[in-house]
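Since the structure comes first, as structure tokens, the remarks are kept for the end.
The values are calculated or read from the model by the stated rules, or taken from the named source; none is laboratory data. Note that the structure is a prediction, hence the values are computed from the model and not measured. Glycine also receives a Cβ, built like all others from the backbone with ideal geometry; neighbour counts cover every protein chain displayed.
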Amino acid sequence: MQNNLENKVIAVTGANGIIGLEVCRLALLQGAKIAAIDISDNNITALKENLPKEHVENLFYIQCDVRNRNALDHALSQIISRWAQLDGLHNNAAWKGKNLEDFFTPFEDYKLETWQEIFSVNLDSVMLVDQVFGSQMVKQKKGSIVHTASIYGLRAPDNRIYEGSEYMGTPINTPAVYAASKGGVIALSRYLAGYWGPKNIRVNTVTPGGVESGQNDIFTQNYSSKVPLGRMAKNNEIAEAVLFLLSDQSSYMTGHNLVVDGGYTQC
Ligand SMILES: NC(=O)c1ccc[n+]([C@@H]2O[C@H](COP(=O)([O-])OP(=O)(O)OC[C@H]3O[C@@H](n4cnc5c(N)ncnc54)[C@H](O)[C@@H]3O)[C@@H](O)[C@H]2O)c1
């Protein structure tokens with residue numbers, strides 16, 4: 001059976017990114033109304049230009065910094081005045097900070113300032129977005145929230161896979177701040193699933209493994225060799241799991257962590 005998101009109003013944060021954009025696209029094709037929330041909109045604009053005509057009115061871009069509580073309140077009021085309800089939330093935005101070199105600094109030298117900068121989006125904002133959009137769902141007595149975590153919220157990275165690895169020309173690793181923030185996202189999901197279960201709000205997590213998005217061949221090979229399915233994920237494979245948890249198909253699931261990682265952490 002296919003997920004059916006017809007006429008569901010869904011807010012997606014980080015909607016301009018690799019995973020969020022695909023969630024928007026696939027949900028729109030299922031007939032959902034999408035509030036695409038992000039700081040920037042170049043990919044969202046391109047998506048709108050290429051959508052079948054009947055879905056165009058169902059894509060509403062809201063420029064919003066998810067760190068800003070007032071901006072989030074305003075985003076919610078725009079959604080409610082346009083569509084009068086909110087059925088789903090994909091709480092998904094994350095950030096590598098202002099300076100990639102700072103983000104990838106070895107742990108011994110990591111700046112507290114950078115740590116806090118990353119947490120301000122990857123975990124603090126996830127809480128703020130839940131507070132604002134989840135409160136609307138509490139009023140409506142129904143809703144589904146999906147958080148995006150990461151396999152590194154479940155287990156430590158094997159740092160050997162980063163030897164010779166680059167992303168957009170920069171040497172990469174997975175810093176502790178990323179792992180810690182994603183571990184926090186998983187804990188927050190479980191907490192809110194317990195807290196809001198009696199209010200008929202479901203809260204689940206999707207935990208993706210690495211998604212193909214321009215990593216160099218060395219990284220792709222190193223990473224894929226650790227994955228039982230032998231490859232990285234495609235963004236639609238993560239998005240489908242998100243859509244399932246947003247839809248009524250998963251109506252008896254809450255507090256769940258749906259791991260979509262080709263078996264990396266499961267075998
Ligand atoms: N891509 C992967 O391999 C992968 C793997 C595991 C988990 N994840 C997680 O999946 C989620 C989506 O990742 P992605 O790969 O699509 O990342 P991405 O960087 O492509 O997209 C993230 C989006 O969040 C937006 N954003 C950042 N800060 C913001 C702010 N303050 N306010 C509003 N928007 C803001 C960015 O503009 C961007 O469009 C993230 O939570 C990420 O940690 C990604």
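If you scan segment 3-53, which residues turn out to be more than 9 Å from the ligand (Cβ to nearest atom), closer than 19 Å to LEU246 by Cα and among the charged types (D, E, K, R)?
GLU6, LYS8, ARG25, LYS33
Applying the selection to segment 217-236, what residues are in contact (Cβ under 8 Å) with a residue 12 or more places away in the chain, closer than 23 Å to GLY17 by Cα and surrounded by fewer than 18 Cβ atoms within 10 Å (Cβ to Cβ)?
Result: THR220, ARG231, LYS234, ASN236.
Answer with yes or no whether GLY197 is touching a strand residue (DSSP E or B) at 6+ places or on another chain (Cβ under 9 Å), part of a loop (DSSP other than H, G, I, E, B) and touching a residue at least 12 places away in the same chain (Cβ under 8 Å). First the steps, then the outcome.
Working: touching a strand residue (DSSP E or B) at 6+ places or on another chain (Cβ under 9 Å): yes; part of a loop (DSSP other than H, G, I, E, B): no; touching a residue at least 12 places away in the same chain (Cβ under 8 Å): yes.
Against the criterion (touching a strand residue (DSSP E or B) at 6+ places or on another chain (Cβ under 9 Å), part of a loop (DSSP other than H, G, I, E, B) and touching a residue at least 12 places away in the same chain (Cβ under 8 Å)), GLY197 does not qualify.
Does any residue of segment 239-256 turn out to be under 30 Å from PHE107 (Cα atoms), crowded, with 19+ Cβ neighbours inside 10 Å, modelled with pLDDT of 95 or more and of a type in the set (A, V, I, L, M)?
No, that holds for no residue.
For the condition touching a residue at least 60 places away in the same chain (Cβ under 8 Å) and farther than 16 Å from ILE18 by Cα, what is the one hit in LEU72, LEU51? Steps first, answer last, please.
Values: LEU51 fails: touching a residue at least 60 places away in the same chain (Cβ under 8 Å).
Among LEU72, LEU51, only LEU72 is touching a residue at least 60 places away in the same chain (Cβ under 8 Å) and farther than 16 Å from ILE18 by Cα.
So which strands (runs of 3 or more DSSP E) are wholly in segment 54-161 and hold at least 3 residues that are away from the ligand (no atom under 13 Å from the Cβ) and buried (at least 22 other Cβ atoms within 10 Å of the Cβ)?
143-148
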